[in-house]
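The structure appears below as structure tokens.
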Amino acid sequence: MTSRLKTPEEIKILKEGGQRLAEILALLASKVKPGISTLLLEEEAMRLIKEGGDKPAFLGYRPQGAKRPFPASLCVSINEEIVHGIPNEIEKIIKEGDIVSLDFGIVHRGLITDAAVTVPAGTIDEESRKLIEVTREALASGIKAALPGSTIGDIGAAISRVVRASGFTLADDLVGHGVGYAVHEDPFVPNVGIEGKGERLVPGLVIALEPMVNVGKSGIKVLPDGYTIVTRDGSRSAHFEHSIAITEKGNIILTSNE
């Protein structure tokens, strides 16, 4: 399927929404500390989204093959949980030394942006600190490679190069994606790739890049709730994500306040 390109006006709207998302994400990240509950983070996310006049993109979203819609606006994934942790069905209390991934999207003026960060709760060990730093660096490397005329394979090659050098692994089968008109659109954006291969990046393409990096092996499994994906070996995982727009001159990070 051909990717649906966004107009310059739509990219302006996506940037507005992305900046709102970035502000909320920063506020939520600042609240992550030992003793805080995942339910409180979900309630705060909903309050902040509605306060801005926007809607949560994930609440009620039903991916292909899912048995039920996603029941929250925010994904909160702790330690070995890679992505899609549900914060409001089984309330969890964040503990000292945990690492916590926050991932969500908003619908602003009918268009969707999506972003994620991983943050420490209190003091974390050196391996976890390195994991967060490597994952952040892998995302930055992928964004740097996402230029007009480059390919999807160039992005995956750049991300995987950073992760391979660290000794960590990329979570199997989990990828970035197109975004804007829907939560998930074409094209898929794998975190591994071959330079020069895959779909060509053209102005108007809007994609979400999201490396998910494990301390241990790359294997994953889905918990019985149907959504939470964890490392198969129980090792920790980190996740960073930005939505970006490809332009004539390079790219715009939509979900950044910088």
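Select, from 47, 68, the only residue that is out of contact with any strand residue (DSSP E or B) (no Cβ under 8 Å at 6 or more places or on another chain), touching a residue at least 40 places away in the same chain (Cβ under 8 Å) and of a type in the set (Lys, Arg).
On the way: 47 fails: touching a residue at least 40 places away in the same chain (Cβ under 8 Å).
From the options 47, 68, the qualifying one is 68.
For residues in segment 88-123 being over 16 Å from the mean Cα position of the chain (by Cα) and under 25 Å from residue 172 (Cα atoms), which is surrounded by the most Cβ atoms within 10 Å (Cβ to Cβ)?
Looking only at segment 88-123, we keep the residues that are over 16 Å from the mean Cα position of the chain (by Cα), and these are 88-98, 108-111, 120-123.
Within this subset, residues satisfying the condition of being under 25 Å from residue 172 (Cα atoms) are 98, 120.
Values: 98: 20, 120: 18.
So the residue we want is 98.
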Worksheet, complete the sentence: When restricted to 151, 123, the only residue β-branched (Val, Ile, Thr), in contact with an Asp or Glu (Cβ under 9 Å, 6 or more places away or on another chain), modelled with pLDDT of 95 or more and within 20 Å of residue 190 (Cβ to Cβ) is 151
Worksheet item: Restricting to segment 171-182, what's the tally of residues that are in contact (Cβ under 8 Å) with a residue 60 or more places away in the chain and surrounded by 19 or more Cβ atoms within 10 Å (Cβ to Cβ)?
Response: 6
Worksheet item: In this structure, is residue 66 at pLDDT below 95 and either crowded, with 16+ Cβ neighbours inside 10 Å or out of contact with any Cys (no Cβ under 9 Å at 6 or more places or on another chain) (or both)?
Response: yes
Item to complete: Could you pull out the residue among 50, 33 that is under 24 Å from residue 214 (Cα atoms) and basic (Lys, Arg)?
Response: 33
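This table checks each residue for (1) under 19 Å from residue 185 (Cα atoms); (2) in contact with a His (Cβ under 9 Å, 6 or more places away or on another chain); (3) at pLDDT below 95; (4) surrounded by fewer than 16 Cβ atoms within 10 Å (Cβ to Cβ).
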residue	(1), (2), (3), (4)
3	yes, no, yes, no
13	yes, yes, no, no
20	no, yes, no, no
23	no, no, no, yes
28	no, no, no, no
37	no, no, no, yes
44	no, no, no, no
51	no, no, no, yes
56	yes, no, no, no
Item to complete: Report, by residue number, each residue of segment 228-255 that is more than 13 Å from the chain's Cα centre (by Cα) and of a type in the set (Ser, Thr, Tyr).
Response: 228, 231, 235, 247
Worksheet item: When you look at residue 96, is it in contact (Cβ under 8 Å) with a residue 60 or more places away in the chain, out of contact with any strand residue (DSSP E or B) (no Cβ under 9 Å at 6 or more places or on another chain) and not aliphatic (A, V, I, L, M), yes or no?
Response: yes
Discussion item. Quick check on segment 127-137. Is at least one of its residues surrounded by 19 or more Cβ atoms within 10 Å (Cβ to Cβ) and either at pLDDT below 95 or not in a helix (DSSP H, G or I) (or both)?
Written reply: no
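The values are calculated or read from the model by the stated rules, or taken from the named source; none is laboratory data. This one's a predicted model, so the numbers in the text were calculated from it and none came from an experiment. When we count neighbours, we look across all protein chains shown, and the Cβ atoms used for this are built from the backbone with ideal geometry, even at glycine.
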